[in-house]
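Please treat every number below as a calculation from the coordinates, not as lab data. All values derive from a computational prediction rather than experimental measurement. FYI the Cβ positions are ideal-geometry reconstructions off the backbone, even for glycines, and counts take in every protein chain you see.
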């Protein structure tokens, strides 16, 4: 009985991803930290009535203060966190946020030092848990 009630409730309440939305995407390049204006982009998202944003979190470089081995921080990052700043601003606007990463851009140092990491940047044993299968 309880399982049937949960299933019915799940079908009646759509997730945030099921409703129509206007999305914006902001793709950082390596030298953006320290040069971009978060307030400009957040104001733009507000003016276009964006419901969600796809933000660059990393690929060959990270746009947040990462501690992930072989995921190098942008050399322009210094003590900033542009990804975190944009996530916080988007959430204040009531927006949904998706972090964009690029597993195909895992660097050569990481591949040499950790041969179990495949070209997608996932450890084979962890692949199902990380969604890399």
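Summary table below
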| read-out | value |
| --- | --- |
| Residue 19-residue 37 pseudo-label distance in nm [points 7 Å out on the Cα-to-Cβ vector] | 3.1 nm |
| Footprinting exposure proxy for 21, 95 (fewest neighbouring C-beta atoms within 10 Å first) | 21, 95 |
| Square roots of 5 times each gyration tensor eigenvalue, C-alpha, segment 55-95, largest first, Å | 21, 10, 7 |
| Ranked 75, 67, criterion: other C-beta atoms within 10 Å, fewest first | 67, 75 |
